[in-house]
């Protein structure tokens with residue numbers, strides 16, 4: 001097995017490159033800069049080095065120089081792989097230092113593997129051959145000189161062909177200039193037509209990926225989308241973390257939509273909404289007669305997501321006795337249908353989401369540590385709305401426009417005072433709370449100015465919530481107090497109209513589970 005050392009100071013780049021190479025059967029070692037790379041070279045036998053250029057402590061150029069000056073490492077092929085230094089001068093300098101290849105990011109995975117295999121098939125073979133033959137300095141110099149001449153001749157042929165092709169292209173551009181002008185007018189007409197059709201298509205594709213809600217302007221959310229772009233093409237398990245209402249499901253849909261599985265199903269499971277006694281059947285399916293009420297076979301969510309993506313929302317609410325079965329699938333890729341006798345092999349990419357602090361749940365024995373590590377292969381943290389206030393004006397305008405269309409309103413103006421209050425508010429419910437507020441305000445507004453009656457009381461409630469947190473109340477304690485308050489207001493009525501479950505926007509079974517978990521019991525009447 002060939003060993004490859006990859007050197008890069010960006011964790012995501014190291015992780016994705018390792019996944020790609022290990023999938024092709026290479027043994028991969030990592031370093032964050034050239035200095036660490038030299039340590040790895042002293043400790044392990046390396047067949048190929050792939051290095052970034054711009055790194056702290058020792059950059060890629062210095063690292064290459066150090067390798068080529070060392071008798072032990074000078075014959076190891078050195079590949080530069082950079083997204084920062086990419087012009088011809090950078091390439092020429094890198095190759096003069098002794099680089100075997102100069103590759104530019106981004107690069108298609110298959111092309112990258114092809115380049116590596118070319119090195120192992122060609123340059124490495126040549127290097128091994130040279131090591132076994134004893135040359136004097138003149139013979140070695142002659143050999144490399146001949147090789148360089150051959151490469152230069154090939155480059156000259158390539159350049160001559162490129163000049164010919166460019167001349168043809170230049171002639172073609174002159175001939176087609178008028179055609180392009182005419183086509184431009186046609187494109188403008190088609191663009192308007194496509195914009196109208198796009199409104200329809202967005203609604204049709206809403207269940208796959210909600211583009212309309214992808215509204216942002218902050219660097220914080222832009223960084224989240226950069227992470228999505230990097231991990232989406234892989235099959236790596238992703239753990240999306242963030243408070244309620246931050247858009248975790250939207251990110252899950254984006255990951256699926258940008259993956260090679262986007263033409264296969266995206267199946268969503270809300271782990272908190274399934275009754276405990278039915279959760280195994282919902283996940284893995286069951287056979288007819290396997291338990292009371294199983295009157296026919298049922299396909300589970302995992303099997304429905306085969307070759308696609310399974311989104312496990314609110315994974316932190318998963319019962320502890322169910323967690324080993326999810327862990328087994330992540331380890332083995334197999335499920336056991338309830339009442340079945342054989343294991344089923346499935347190809348499912350798992351994306352999980354939670355608003356809980358899973359590390360705290362691990363310490364309290366509510367969540368398995370081994371399952372956490374299996375889920376946390378590539379974590380994506382979505383910042384709360386209060387930490388990206390620059391997004392609030394953009395979101396407000398988006399929601400005003402949305403509800404203008406929905407309720408035939410003509411709201412055009414948002415007073416500065418109103419916008420400042422919206423930006424100052426802490427938004428414990430994040431984007432979902434903001435959307436609900438703007439919807440309510442749009443319905444109540446009777447003119448072209450957005451009015452938000454009762455917002456002062458909302459701000460006061462938010463301040464009380466923050467005060468509770470500052471008073472060292474845990475999230476469970478705050479949640480328990482809130483549920484108790486609603487239960488008292490509803491006279492301890494859980495289900496049905498005006499019941500606590502309806503007020504809290506929860507299923508009655510979910511509310512009952514939360515009450516049990518938080519130790520909430522109806523007081524006895526005296």
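Computed packing ranks the peptides 266-278, 512-524, 44-56, 496-508 as 44-56, 266-278, 496-508, 512-524, most packed first, by mean other Cβ atoms within 10 Å. Here the stretch 510-524 and the stretch 359-401 have alpha carbon centers that stand 26 Å from each other. Put the Cα centre of the stretch 1-16 next to the Cα centre of the stretch 235-313 and the gap is 32 Å.
One Cα centroid belongs to the stretch 474-494, the other to the stretch 28-85; the line between them spans 59 Å.
Summarising the label geometry, the points placed 7 Å from Cα in the beta-carbon direction at residue 9 and residue 426 lie 3.7 nm from one another.
The gain in end-to-end length when the residue 23 to residue 88 segment is fully stretched comes to 20.3 nm, 0.36 nm per residue minus the alpha carbon separation.
Of the peptides 230-242, 370-382, the order by per-residue mean of other Cβ atoms within 10 Å, starting with the highest, comes out as 230-242, 370-382.
Any read-out appearing in this document is the output of simple, stated calculations on the displayed coordinates, not a laboratory observation. Predicted model, so just to flag it, every value in this text is computed and none were measured. Cβ: placed from backbone, ideal geometry, glycine included. Neighbour counts: every protein chain shown.
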